[in-house]
Amino acid sequence: MAILETENRLPAFMQYEKLNAAIGVVKQQFSRQQPVHAYLLTGARGLGKRTLARVLASALFCTSENKPCGVCPACRRVMDGNEPDFLEVYSDDGSTISVDRVREIIQKVSQHAFGTGYRVVLIEPVEKMTLQAQNCLLKSLEEPIANVVFLLMTHELTATLGTIASRCIRVKLTPWPDDILRETLLDAGYVSTDIENVLSRCGGNIGTALDTLDAGKLNSEAQQFAMDALAVLNDAAAVSLSTKLKEDKGSADTYLTAIEHAIHQALMVRTSQLDPSFISQYPSHWQKAAEKAPVSEINALLSAVFATRRRKAGQVNWQSNIDHLMIRLLEENTRWQQL
């Protein structure tokens, strides 16, 4: 879920403290440069945990008097993922996070910071860490490293080791009240009538609200591309879509965003947060998947698209990157067609 911002204004998600008093207290800890060594952000997917983590981290690096300002170079580096002292560990393609990756990140933060202050580690989601990886992390939580803050995210708290949870300040995100969600979306520049149309259907899930609003802004070509991707059932179709992305790399972000929105809406239907009528135009096997497929499998496919978008911003070979995603879509579509 992208960080919202409007011209010459703070990122809309800077008002997290309005959600509950606990978030306000934690934000103050970061703004005053007095964080504890570890926080565990909990709540369902789509409630804004990743963006909250970035908002908190930006407060530690912010150079303005009112932290976080959201507009200084330091804040922008964190928000854009370009701050070398803000390290992120994700579960790529829904795979597990190995103990080697955790050891590597701990070794990095044990060294000198690039700047003069804090180093922050974001791990998402904690439940994808192997048992060895969680135990390795536990050692660092038991013996904190100076000026290192861990921001851990979990969509499923029960899948996280109790010993890890007990050593973190827990920050729980719940569905957004309509008035706060309305204000946030208005600040982000969305049209009032569109917002009112979405509020009654998103169940307080800001991720769903954003997906629905942004889907309306996607051009018809991108939306058609997303539907074609969800309909891929043979190698020829997969190669055709893969070729289109390779040849039109400039529009790839728009196409990948459209696919991500489409899958996320199916996930919301599967978890009863959206009415099935939202995906009535989807291929039949996707409508079946939204009824019967394990939530973890749809989540994993959503993570695969997210990982593809993230790799595009890096130096990963674009051709192999997009081929991998299309093969993954073909495999899932073929399997779900048999449901």
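The values are calculated or read from the model by the stated rules, or taken from the named source; none is laboratory data. The shown structure was predicted, so the numbers you read here are calculated from the model rather than taken from an experiment. Methodologically, a virtual Cβ is constructed for each residue, glycine included, from the backbone with ideal geometry; neighbour enumeration extends over all protein chains shown.
Residues that are under 20 Å from Gly207 (Cα atoms), modelled with pLDDT of 90 or more and in contact with a Lys or Arg (Cβ under 9 Å, 6 or more places away or on another chain) are absent from the stretch 98-118.
Please determine, by comparing only the residues of the stretch 138-161 that are among the polar types (S, T, N, Q) and under 16 Å from Ala53 (Cβ atoms), which one is surrounded by the fewest Cβ atoms within 10 Å (Cβ to Cβ). First the steps, then the outcome.
Start the filter on the stretch 138-161 by keeping residues that are among the polar types (S, T, N, Q), which leaves 140, 147, 154, 158, 160.
Now restrict to residues that are under 16 Å from Ala53 (Cβ atoms): 154, 160.
Working: Thr154: 23, Thr160: 21.
Result: Thr160.
In the stretch 147-164, the residue that is nearest to Glu124 (Cα to Cα) out of those that are within 21 Å of the chain's Cα centre (by Cα) and at pLDDT below 90 is His155.
Search the stretch 10-31 for residues being part of a helix (DSSP H, G or I) and of a type in the set (S, T, N, Q), and hand back the single one that is modelled with the highest pLDDT.
Of the residues in the stretch 10-31, the ones part of a helix (DSSP H, G or I) are 12-18, 21-31.
When the remaining residues are screened for being of a type in the set (S, T, N, Q), the result is 15, 28-29, 31.
Details: Gln15: 74, Gln28: 92, Gln29: 95, Ser31: 91.
In this case the residue turns out to be Gln29.
All conditions but one from (1) closer than 30 Å to Met79 by Cα; (2) out of contact with any Lys or Arg (no Cβ under 7 Å at 6 or more places or on another chain) apply to Lys288; the one that does not is (1).
Quick grid of which residues meet (1) crowded, with 21+ Cβ neighbours inside 10 Å; (2) in the same structural domain as Val305 (by TED's automatic domain parsing); (3) more than 24 Å from Ile322 (Cβ to Cβ):
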{"site": "Leu186", "(1), (2), (3)": "no, no, yes"}
{"site": "Cys202", "(1), (2), (3)": "yes, no, yes"}
{"site": "Ala229", "(1), (2), (3)": "yes, yes, no"}
{"site": "Leu241", "(1), (2), (3)": "yes, yes, no"}
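Hey, any hits in the stretch 59-80 for a residue that's exposed (fewer than 13 other Cβ atoms within 10 Å of the Cβ) and closer than 25 Å to Thr154 by Cα? The answer is yes; a qualifying residue exists.
Of the residues that make up the stretch 247-258, is at least one within 20 Å of the chain's Cα centre (by Cα), assigned to a helix (DSSP H, G or I), within 16 Å of Gln224 (Cα to Cα) and polar (S, T, N, Q)? Steps first, please.
First, the residues of the stretch 247-258 that are within 20 Å of the chain's Cα centre (by Cα): 252-258.
From what's left, assigned to a helix (DSSP H, G or I): 252-258.
The next check asks that each one be within 16 Å of Gln224 (Cα to Cα); those that pass are 252-258.
Applying the additional criterion that residues be polar (S, T, N, Q) yields 254, 257.
The answer is yes; a qualifying residue exists.
Taking the stretch 211-227, which residues are at pLDDT 85 or above and either within 22 Å of Asp275 (Cα to Cα) or not assigned by TED's automatic domain parsing to the domain that holds Met326 (or both)? Please lay out each step first, then the result.
If we filter the stretch 211-227 for residues that are at pLDDT 85 or above, which is where we start, we get 224-227.
Listed by number, the residues that qualify are Gln224, Ala226, Met227.
Where residues in the stretch 259-291 are among the acidic types (Asp, Glu) and part of a helix (DSSP H, G or I), which of them is nearest to Ala222 (Cα to Cα)? Break it down stepwise before answering.
Looking only at the stretch 259-291, we keep the residues that are among the acidic types (Asp, Glu), and these are 260, 275, 291.
Adding the requirement that they be part of a helix (DSSP H, G or I) leaves 260, 291.
Numbers: Glu260: 11, Glu291: 25 Å.
Checking each candidate, the answer is Glu260.
Has the stretch 75-86 got any residue that is within 17 Å of Val149 (Cα to Cα) and among the β-branched types (Val, Ile, Thr)? Yes, the stretch 75-86 contains a residue that is within 17 Å of Val149 (Cα to Cα) and among the β-branched types (Val, Ile, Thr).
Residues in the stretch 308-331 include none that are modelled with pLDDT under 90, buried (at least 16 other Cβ atoms within 10 Å of the Cβ) and in a loop (DSSP other than H, G, I, E, B).
Table: residues versus (1) in the same structural domain as Ala307 (by TED's automatic domain parsing); (2) charged (D, E, K, R); (3) buried (at least 21 other Cβ atoms within 10 Å of the Cβ); (4) out of contact with any Cys (no Cβ under 6 Å at 6 or more places or on another chain).
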| position | (1), (2), (3), (4) |
| --- | --- |
| Ala236 | yes, no, no, yes |
| Ala252 | yes, no, no, yes |
| Arg270 | yes, yes, yes, yes |
| Ala290 | yes, no, yes, yes |
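In the stretch 131-147, the residues that are within 20 Å of Ala159 (Cα to Cα) reach residues that are of a type in the set (S, T, N, Q) and surrounded by fewer than 17 Cβ atoms within 10 Å (Cβ to Cβ) with C-beta atoms within less than 8 angstrom, at least six apart or across chains, in these pairs: Gln132/Ser98; Ala133/Thr96; Ala133/Ser98; Leu138/Thr163.
Mind checking whether some residue in the stretch 161-181 is under 22 Å from Ser296 (Cα atoms), assigned by TED's automatic domain parsing to the domain that holds Leu52, without any contact (Cβ under 8 Å) to a residue 60 or more places away in the chain and not hydroxyl-bearing (Ser, Thr, Tyr)? Yes - at least one qualifying residue is present in the stretch 161-181.
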